[in-house]
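Here the structure is laid out as structure tokens; the discussion comes afterwards.
The values are calculated or read from the model by the stated rules, or taken from the named source; none is laboratory data. Remember, it's a predicted structure, so these values are computed and weren't measured experimentally. Reconstructed Cβ throughout: ideal geometry from the backbone, glycine too, with neighbour counts over all protein chains shown.
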Amino acid sequence: MKVIFVNNPKSINRDMPFFIKRMAQLKLKEKIMIKKTLINGAFICGMLLAGFNTINAQEPFNVPEVDSNKLLSTQFATKHIEQIESGSFHFFPWQIGPIHTHPAICVGYMIKGDIVYQVEGEKPQMLETGKAFYEPSGPRIMRFDNASATGESLFVDFCPQQKGEPFLLFEKDPTEFIDRRALSTLKLNNRTDISQIDVYEHMFAAKGHKDFSVNNMIIAGFVESGEIEINRKGSKKQSIKAGENFYITMASQSASIVNSSKNNPAKVITFNMQ
């Protein structure tokens, strides 16, 4: 016996044997379910694609050109400064810094490694990589020691000095070589009063730039990585590479720092003195 399946249930002959009609109905139901499944699948895929296209059509996340974070803020009795001296220190493993004092205050930043730091009358503290620090004038600095037995410690400092103030004084002559590499010194034409220093870390995206206003402020800076350009009103562009320092004075009124690279970030530390 030949079984015939039909698509239209109305065309099913009522005179057909029951099992033939039943099989035709089941086959028709199966086709309807498959059709619904295909329609639903197509609808879901369409929705997903529409959502995907909507996401792609949205504006990209705004990545800041410069991410700035304050690392330290310190206040002190007003200083009438005439120059700012700067240098980078390279301590070999386990090197012990001799006891010393700073006639002029100093602020610094840890580029690499860890230092055990202790001011007279205070508890020791650990200066870790990426941390800023302040050395007051007057009290003895009891410890400034490399905490590592295997790695070098590297840090940079800036010391705003009043007339006749030395950078530092040792209690006793050092018995070990201290590797201090002088950076550029800023000599001020007019005596400037400062009583506060804020230290910032600036992460520049590729080609990122940041405007600085220097009214009543001096900015001392250090390029930790990358290369930047400094644009000052009425002056030529100044290129500063990693490991070099710079100054932006009140005479500039304002300045812009630009990451020179189209592909790589740059990291800059500034010491804002006011």
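Things to note:
- Looking only at region 153-181, residues that are loosely packed, with under 15 Cβ neighbours inside 10 Å and within 26 Å of the chain's Cα centre (by Cα) come to 1 in all.
- Filtered residues of region 190-219 (kept if touching a helix residue (DSSP H, G or I) at 6+ places or on another chain (Cβ under 8 Å), farther than 26 Å from LYS267 by Cβ and not β-branched (Val, Ile, Thr)): ASN216
- Within region 147-192, being among the β-branched types (Val, Ile, Thr) and closer than 26 Å to PRO93 by Cβ holds for THR150, VAL156, THR175, ILE178.
- In the set (1) of a type outside the set (A, V, I, L, M, F, W, C); (2) free of Cβ contacts under 8 Å to residues at least 60 places away in the same chain; (3) surrounded by fewer than 14 Cβ atoms within 10 Å (Cβ to Cβ), the condition left unmet by GLY221 is number (3).
- Cβ separations smaller than 7 Å between residues 6+ apart or across chains give the following pairs from region 225-236 residues that are more than 23 Å from PRO265 (Cα to Cα) to residues that are surrounded by fewer than 18 Cβ atoms within 10 Å (Cβ to Cβ): LYS233/GLN253; LYS233/SER254.
- Qualifying residue in region 51-65 (condition: at pLDDT 95 or above and either among the β-branched types (Val, Ile, Thr) or assigned by TED's automatic domain parsing to the domain that holds LEU168 (or both)): no
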